[in-house]
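Heads up: the structure comes next, in structure tokens.
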Amino acid sequence: MRRPNASELARLLADHITRLAPELLPHGKKDGAEWRVGSLAGEPGQSLAVRLTGARRGLWCDFSSGERGDALDLVAACLFSHNRKDAMAWANTWLGLANNAPHAPVQRPPVQEKLNSPELDKEAQQRRAKARRLWQDAAPGIAGSPVEHYLQGRGIDLRLLGRAPGALRFHPTVWCAEVQRPLPAMLGAICGPTGKMVAVHRTWLAQAPSGAWGKAELANAKKVLGSFAGGCIRLWRGASGAALGMAPDGDVTILAEGIETALSCAIACPEYRVLASVSLSNMAAVKLPDTITEIIVAADNDAGNPAARKALKAALHQFAQQGRTVRLAVPEIEHGDWNDVLRNEPDTGRNRS
């Protein structure tokens, strides 16, 4: 009998996700149509959500790290350090497909035993070190690289800014677990409050037959390596030209979620500092100096997404509680973002919509 492939196993696991999620993440709690837990390590919390019902059942996202995937990816991340081959073998047994094995859970060491342990700290340190090595392996500057061409294809002409952000680099061979081979990628340096790099954002790229560069056709073309809660990608310094930690009094900052949206805002308003929070759930956690007294949150027009609305509201409340002036900028394009605005109105990219 033919063994199911990875996508078939993911679908079969998703069909049993209401039983699988509590077994993999026993410290979580059911929250409506989701199983919520603090992280892949299993501690209590809300940062990681696993969909339990509907067409998207089995899909999950860790909003603090940016990691996401299907039910098979969840097994791989929780039990086998992201090794999908081992996860497939486990899934075959758990589903009762291996050697007529009974449909019963496979015993494993509880994930929560590693919480607050030196082992967990060591794993986090190793991922951070891996992220830094990846960044250092990439040459500084993106002029003439596929990253520059990719951004131009998104309507983002960095020549309008006079220079490219130092927080972006191009790497020709970044390992992609989804296809089990290296692919070219845009890298974004995620820095913590002190300015030290804590993680790397990866956007895998592919070249079309026409020669144009775009996002690779993957289920997840964007992923983060390393934990980045409270960090951000520092894309543009604004009129002051000062580093974030030395921002002058009254500095105005635009905070967007993704790199492309943030760069679109930088082109429209180059006098303002521009940061990317990487994920919407991390936006409220971004640490900013007290000298930044005004924040413009450049949000997507995603009114139909309750989770997005909740995370956005939390960010606005958090910054207001810090005594800052907070403004919300949402494009009129339904389900669109500020990059859509830039691409649809190339001749009015500098207008303050």
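Looking only at the stretch 41-53, how many residues end up being under 15 Å from Ala71 (Cβ atoms), open to solvent by less than 20 Å² (accessible area, probe 1.4 Å), touching a Leu at 6+ places or on another chain (Cβ under 8 Å) and not β-branched (Val, Ile, Thr)?
So the answer is 1.
Do we have Arg127 as within 22 Å of the chain's Cα centre (by Cα), loosely packed, with under 14 Cβ neighbours inside 10 Å and among the basic types (Lys, Arg) here?
Answer is no for this residue.
Quick one: which strands (runs of 3 or more DSSP E) lie wholly within the stretch 169-263 and hold at least 3 residues that are open to solvent by less than 20 Å² (accessible area, probe 1.4 Å) and touching a residue at least 12 places away in the same chain (Cβ under 8 Å)?
181-191, 197-207, 251-256
If Ala71 passes every condition in (1) of a type outside the set (Phe, Trp, Tyr); (2) closer than 21 Å to Ala221 by Cα; (3) modelled with pLDDT under 90; (4) under 20 Å from the mean Cα position of the chain (by Cα) but one, which one does it miss?
Only one criterion in (1) of a type outside the set (Phe, Trp, Tyr); (2) closer than 21 Å to Ala221 by Cα; (3) modelled with pLDDT under 90; (4) under 20 Å from the mean Cα position of the chain (by Cα) is unmet by Ala71, namely (3).
Select from the stretch 140-155 the residues that are in a loop (DSSP other than H, G, I, E, B) and either free of Cβ contacts under 8 Å to residues at least 40 places away in the same chain or within 13 Å of Thr203 (Cβ to Cβ) (or both) and list them in ascending order.
Listed by number, the residues that qualify are Pro140, Gly141, Ile142, Ala143, Gly144, Ser145, Arg154.
May I ask you to list pairs of residues, at least six apart or on different chains, whose Cβ atoms are under 6 Å apart, with the first in the stretch 85-105 being in a loop (DSSP other than H, G, I, E, B) and the second being modelled with pLDDT of 70 or more?
As it stands, the answer is Leu95/Leu12; Ala98/Asn92; Ala101/Thr93; Pro102/Gly96; His103/Gly96; Pro105/Glu23, since those pairs meet every condition given.
Of everything in the stretch 21-59, what is assigned to a strand (DSSP E or B) and out of contact with any helix residue (DSSP H, G or I) (no Cβ under 9 Å at 6 or more places or on another chain)? Give them in sequence order.
Passing the criteria: Lys29, Asp31, Arg36, Leu48.
Which residues, taken from the stretch 157-168, are modelled with pLDDT under 95, touching a helix residue (DSSP H, G or I) at 6+ places or on another chain (Cβ under 8 Å) and not in a loop (DSSP other than H, G, I, E, B)?
The answer is Leu158, Leu160.
Taking the conditions exactly as written (free of Cβ contacts under 8 Å to residues at least 60 places away in the same chain and open to solvent by 10 Å² or more (accessible area, probe 1.4 Å)), does Pro270 satisfy them or not?
no
Ser277 is checked against (1) open to solvent by 30 Å² or more (accessible area, probe 1.4 Å); (2) within 21 Å of His201 (Cβ to Cβ) and fails just one. What number does that condition carry?
Condition not satisfied by Ser277: (1).
Let's see how each residue does on (1) open to solvent by less than 10 Å² (accessible area, probe 1.4 Å); (2) part of a loop (DSSP other than H, G, I, E, B):
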position	(1), (2)
Ala266	yes, no
Asn282	yes, no
Ala308	no, no
Gln318	no, no
Gly323	no, yes
Glu334	no, yes
Asp340	no, no
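Output the number of residues of the stretch 284-306 satisfying the condition of being outside any strand (DSSP E or B), among the aliphatic types (A, V, I, L, M) and under 22 Å from Glu332 (Cα atoms).
Counting residues in the stretch 284-306 that are outside any strand (DSSP E or B), among the aliphatic types (A, V, I, L, M) and under 22 Å from Glu332 (Cα atoms) gives 2.
Of (1) of a type outside the set (Gly, Ala, Ser); (2) open to solvent by 50 Å² or more (accessible area, probe 1.4 Å); (3) touching a Pro at 6+ places or on another chain (Cβ under 6 Å), Pro140 satisfies all except one. Which?
Evaluating Pro140 over (1) of a type outside the set (Gly, Ala, Ser); (2) open to solvent by 50 Å² or more (accessible area, probe 1.4 Å); (3) touching a Pro at 6+ places or on another chain (Cβ under 6 Å) leaves (3) as the failure.
The values are calculated or read from the model by the stated rules, or taken from the named source; none is laboratory data. All figures in this text were calculated on a predicted structure; none of them were measured in a lab. Backbone-built Cβ (ideal geometry, glycine too); neighbour counts: all protein chains shown. These accessible areas exclude ligands, DNA and RNA; they are computed on the full protein's heavy atoms, side chains included. Shrake-Rupley method; radii C 1.70, N 1.55, O 1.52, S 1.80 Å.
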